[in-house]
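For reference, the structure discussed in these notes is given below.
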Amino acid sequence: MQHHFRPHIMTTIYTSVLFSKAPKYLLEKRNQIIMVLFVSLFAIVFINIFKPFESSQWITARGFSGTMYFVWSSLLVVLGTSVVALSRLIMYRYSQRPKHNITIIKYCIWVFVELLLLAAAFTILAIITSRRGNISLNSVDPIVIYMQALENTVFILFIPYIISILYFSYQEKTAKLRMLMDENIGNRSTSLISFRDERGILQLSVAKENLLYIESADNYICIWYIRNNQLKKQLIRITMKEICKQLADTNIVRCHRSYMVNLDLVKVMRREKENLFLELDFPNIKELPISKTYGEQVLRRLMPIE
């Protein structure tokens, strides 16, 4: 009886995998850019070193030099890069929409369509240049030229595509492993406040009593803390909005658009005309302003009403 159910079980597993959401690392903007650049570089090097499918004869048959072959191959790669870059830009923007989930099977179909479009672009370029006498083709039939272009495209791009995907997968697994290890380190003491970057990787853990304040710096934050009775700082790539979410359950609160402060270390709150300022319990630290937007929550935390 078990043998009758195995094909059905395997089909169900494959179907669930194919229709599951594509891994995040395949859709990240940074990884998309890296993939396009790597594919371009690989294609140029591969074509010029190995000259696959007797492609050098396209040029030498017309009496041109190796330099012309390099120019021609580079032109092909630039054309291909433009098609892939446009495709990946559309993919990225499509994936950012809430209701547009890219599954693994959608991603595979997208890549297949990319190859079809690349082959079409190469076919058009080959026909135009052959008619001008710049290259010599084995056939003048557009369908034959297209099938050859598709075969060449798949062969040349398959290797860098696979390498890129494996590399991104390795990076993702390494980051997750490091995060788990950092979590174990960070959880050894409940008195530590941990700071993670935009990728979730632990960058700094500071004892609550040593953390002074956090300062915004565009897409980074600057953490000011005490170590061995000296003022130290560390820059981490993450927005102030995201770090506020990480510290929601702590006594580190936002007092200004550009600052978060450790309320446990505030020794003075003073008013100067219409403005409020906080002074921290450490020498030579600048006072921090309290803006009207965050003033109420700061006052409520400093002076709770019973």
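What number of residues within region 233-251 satisfy the criterion of being assigned to a strand (DSSP E or B) and open to solvent by 10 Å² or more (accessible area, probe 1.4 Å)?
4
If a residue must be assigned to a strand (DSSP E or B), within 19 Å of H256 (Cβ to Cβ) and among the polar types (S, T, N, Q), how many such residues does region 200-232 contain?
1
Within region 266-290, work out how many residues are modelled with pLDDT of 90 or more and outside any strand (DSSP E or B).
Total satisfying the criteria: 1.
Restrict the check to region 171-189 and report whether at least one residue is open to solvent by less than 50 Å² (accessible area, probe 1.4 Å), modelled with pLDDT under 80 and not in a helix (DSSP H, G or I).
yes
Conditions tested, residue by residue: (1) buried (at least 18 other Cβ atoms within 10 Å of the Cβ); (2) farther than 27 Å from N229 by Cα.
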position	(1), (2)
Y259	yes, no
N262	yes, no
L265	yes, no
R271	no, yes
D281	no, no
L288	yes, no
T293	no, yes
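In region 71-109, how many residues are open to solvent by 30 Å² or more (accessible area, probe 1.4 Å), assigned to a helix (DSSP H, G or I) and touching a helix residue (DSSP H, G or I) at 6+ places or on another chain (Cβ under 6 Å)?
Qualifying residue count, region 71-109: 7.
Tally time: how many residues in region 233-264 are closer than 11 Å to Y213 by Cα and either more than 37 Å from the chain's Cα centre (by Cα) or hydroxyl-bearing (S, T, Y) (or both)?
So the answer is 2.
Can you tell me which residues in region 255-296 are of a type in the set (D, E) and within 24 Å of N219 (Cα to Cα)?
E287
Please work out if K273 is farther than 25 Å from S191 by Cβ and of a type in the set (D, E, K, R).
Yes, satisfied.
The values are calculated or read from the model by the stated rules, or taken from the named source; none is laboratory data. Keep in mind that what you see is a predicted model, and the values were worked out from it rather than measured. So basically every Cβ, Gly included, is an ideal-geometry build from the backbone, and we count neighbours across all protein chains shown. Accessible surface is based on the protein model in full, side chains and every heavy atom, while ligands, DNA and RNA are left aside. Shrake-Rupley method; radii C 1.70, N 1.55, O 1.52, S 1.80 Å.
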